[in-house]
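The values are calculated or read from the model by the stated rules, or taken from the named source; none is laboratory data. It should be emphasised that the depicted structure is a prediction, and the values quoted were computed from it without experimental measurement. In this analysis, Cβ positions are derived from the backbone assuming ideal geometry, glycine residues included, and neighbour counts consider all displayed protein chains.
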Amino acid sequence: MRRFYQRSDAGFGKGWVFILLVFIAAIGIFGWKISSHEAPVIQFSNHVKGIGKQTTIQFTVQDKEHSLKNVRVDLQQGNRSFSIPAVSEIHNIPSPPWWKFWAKRPASSGDFKAQIGHQSLPDLKEGRATLEVVATNDSWGRFFRGGRSELKLDLPVRFQAPQIDVLTTQVYVNQGGCDLVLFKVSPGTSESGIQVGPYFFPSWPVKKSLPDTRMCLFAYPYNVDPKASAHIVARDEVGNQTVSGFSYKVFPQKFRDGKINLSDSFMQRVVPAILSHNPEMHDQGGLLKNYLMINQHLRLIESQLLVAYSQKTAPEFLWAQAFLRFPNSKVEAHFADYRTYLYNGQVVDHETHLGYDLASTAHSPVPAADDGVVVFAHYFGIYGNAILIDHGCGLQTLYGHLSSFAVKPGEHVTRGQMIGHSGETGLAGGDHLHFSVLLDGVFVDPIEWWDPHWIKDRIEAKLAPYR
């Protein structure tokens, strides 16, 4: 009997189908890769309003999937093109081998800085120009040319710096004290004020109808060398800057030295209460260590917060008279006293006391020093229960160690209005009021602001022609 065998090609056919599917999938992935539009993201780090004599632009370029291949900065003006070198720091992670086209590429980023303006581009003209930033990555997108993104800004080009006309003929200022300077700036000036060492004090319009006539209440901080220079600065929106001198004389001051003996009983009373209000501060493993953390670290943090609070100020003076002093009080500490802290006879710290400690009877009513708006009224670290009042144009008063509050944030208060009661909260050794005056977050000597003659001579007389 003859036997017939039939060979089946079913398995063979399935193998070819699988290979074909894989091939089609690979072609699909390849086609998707080369036609991909995945591109870097460009973002300016500073707000570029225009181009001046020398303007710095800063921007970042990020790509979540690929490495950066090229970043270019160009400036177009009319039919001229300027190529601008950019200083960069690119953070690229090595990519997988090219043949692993399915693998995810690593993210990369770069920080860039470039100088544009007349100093670096002398052929640039006033008018307008287009700033263009172009970035490409190493993807297979756009048929192996890499993913590409661009960011364009149409900007004004201006080289003329603001002009300053000083109106105040002579200024006399105490180290740690304040004074007022009047000056005019040319139209288009966006920022002006007085620079004293590292401190900048902004100016304000003398009145709304005269926006270019400016008044600048400034300070010579206690910790600035009296020989340090002070000058008026004016800037426009494109970064052009003018610096002008003015006639002034600084009177150096001799500040007091003092000693504070720390006791365990005092630290046991004040340290736990302050730490309970500041849970972000961790136990340092000892009472003295915790006290020093508060006296140093927390004091610094609160000084920085007061600078931030100074931004919450009215654009005009809210007060009209000399500031009130805490009535029937005795001075227990002065402004800028340099304190040496001792524990068991050993020096453990040095700090500067930036205000007046004024003592009266326990829980005495505390008046607002002048008209203003309450910025905050809450527990404030070394100052305990504290109130900050804004009097306009960066001028603020701080009331510390209170036992109670009688006002709320946002409330308008009048000169002499009771705002709380004295106490011994925070780092207070007994019932008293800590009183500070701040200008743009910088502590200044309150004694000038209590003096009607100083107010009349240094501020009112200068502003009288504009009232």
- From the option list ALA359, ALA336, ALA273, single residue qualifying as small (Gly, Ala, Ser) and under 27 Å from ILE232 (Cβ atoms) is ALA336
- Task: Quick one: TYR466 ticks every box in (1) buried (at least 22 other Cβ atoms within 10 Å of the Cβ); (2) at pLDDT below 95 except a single one, so which number is it?
- Result: (1)
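Is it the case that LEU292 is without any contact (Cβ under 8 Å) to a residue 24 or more places away in the chain and farther than 30 Å from GLU460 by Cβ?
Details: without any contact (Cβ under 8 Å) to a residue 24 or more places away in the chain: no; farther than 30 Å from GLU460 by Cβ: yes.
No; evaluated as a whole, the condition is false for this residue.
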- Tally the residues that are among the small types (Gly, Ala, Ser) and crowded, with 21+ Cβ neighbours inside 10 Å, restricting the search to the range 382-423. 7
- Task: Identify the residue in the range 72-86 that is free of Cβ contacts under 8 Å to residues at least 24 places away in the same chain and part of a strand (DSSP E or B) and, among all such residues, is farthest from THR56 (Cα to Cα).
- Result: SER81
- Task: Determine whether the range 431-447 contains at least one residue that is surrounded by 23 or more Cβ atoms within 10 Å (Cβ to Cβ) and among the small types (Gly, Ala, Ser).
- Result: no
- Item | Test: residue in the range 352-369 that is surrounded by 16 or more Cβ atoms within 10 Å (Cβ to Cβ), closer than 18 Å to GLU424 by Cβ, under 27 Å from the mean Cα position of the chain (by Cα) and of a type in the set (Phe, Trp, Tyr) | no
- Pairs under 6 Å by beta carbon, first residue free of Cβ contacts under 8 Å to residues at least 12 places away in the same chain in the range 274-286, partner surrounded by 10 or more Cβ atoms within 10 Å (Cβ to Cβ) and not aliphatic (A, V, I, L, M), six or more apart or different chains? GLN284/ASN290
- Output the number of residues of the range 230-264 satisfying the condition of being modelled with pLDDT under 95, among the polar types (S, T, N, Q) and not in a strand (DSSP E or B). 1
- Message: So for the range 361-368 (the condition being in contact with a Ser or Thr (Cβ under 8 Å, 6 or more places away or on another chain), closer than 14 Å to ILE447 by Cα, touching a residue at least 40 places away in the same chain (Cβ under 8 Å) and not in a strand (DSSP E or B)), does at least one residue qualify?
- Response: no
- Message: Yes or no: the range 160-173 includes at least one residue that is surrounded by fewer than 21 Cβ atoms within 10 Å (Cβ to Cβ) and more than 25 Å from GLN241 (Cα to Cα).
- Response: yes
- Message: Take the conditions farther than 25 Å from SER265 by Cα, among the hydroxyl-bearing types (Ser, Thr, Tyr) and assigned by TED's automatic domain parsing to the domain that holds ALA322 and apply them to SER436. Does it pass?
- Response: yes
- Heads up, the strands (runs of 3 or more DSSP E) in the range 137-196 (entirely inside) with at least 1 residues that are under 30 Å from PHE335 (Cβ atoms) are 164-166, 171-174, 178-185, 189-196
- Item | Matching entry among VAL206, VAL250, VAL243 (being farther than 30 Å from TYR356 by Cα, in contact with a strand residue (DSSP E or B) (Cβ under 8 Å, 6 or more places away or on another chain) and surrounded by 20 or more Cβ atoms within 10 Å (Cβ to Cβ)) | VAL206
- Has the range 424-445 got any residue that is of a type outside the set (Ser, Thr, Tyr) and in a helix (DSSP H, G or I)? no
- Query: ILE84: in contact with a strand residue (DSSP E or B) (Cβ under 6 Å, 6 or more places away or on another chain), β-branched (Val, Ile, Thr) and modelled with pLDDT under 70, yes or no?
  - Reply: no
- Query: Within the range 302-314, is there a residue that is in contact with a Cys (Cβ under 9 Å, 6 or more places away or on another chain) and touching a residue at least 12 places away in the same chain (Cβ under 8 Å)?
  - Reply: yes
- Mind listing whichever residues of the range 280-328 are in a helix (DSSP H, G or I) and among the charged types (D, E, K, R)? LYS289, ARG299, GLU302
- Can you tell me which of GLY416, GLY423, GLY394, GLY400 is farther than 20 Å from ALA359 by Cα and in the same structural domain as ILE274 (by TED's automatic domain parsing)? GLY394
